[in-house]
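Shown next, in structure tokens, is the structure this report addresses.
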Amino acid sequence: MVNEKMAALGKKRSCIRELFEYGLRQAVVLGAEKVYDYSIGNPSIPAPAEVDEAFVEIVRGRSNLAVHG
């Protein structure tokens, strides 16, 4: 059984999706090598060290960043 509220949220378009699709369109216009994908979880490129460090600080409870899930 799927929670109706969560299912509805999954069907909504997000600004993250909009930015991702914009990046795909720009890659066609400019060339993929000129468009950097900053998506978290992109398996084709490693995350910058600062991202890894931020996650470690979140896990250790020493960050002011808010994580929503």
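The values are calculated or read from the model by the stated rules, or taken from the named source; none is laboratory data. Everything numeric here is computed off the predicted structure, so don't read it as measured data. Glycine also receives a Cβ, built like all others from the backbone with ideal geometry; neighbour counts cover every protein chain displayed.
Could you run through the range 1-10 and say how many residues are modelled with pLDDT under 80 and in a helix (DSSP H, G or I)?
Looking only at that region, the number is 4.
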Exercise for the section: Output the residues belonging to the range 32-67 that are under 22 Å from Glu21 (Cβ atoms) and either touching a Lys or Arg at 6+ places or on another chain (Cβ under 9 Å) or at pLDDT below 75 (or both). Expected result: Asp37, Tyr38, Ser39, Ile40, Gly41, Asn42, Pro43, Ser44, Ile45, Ala47
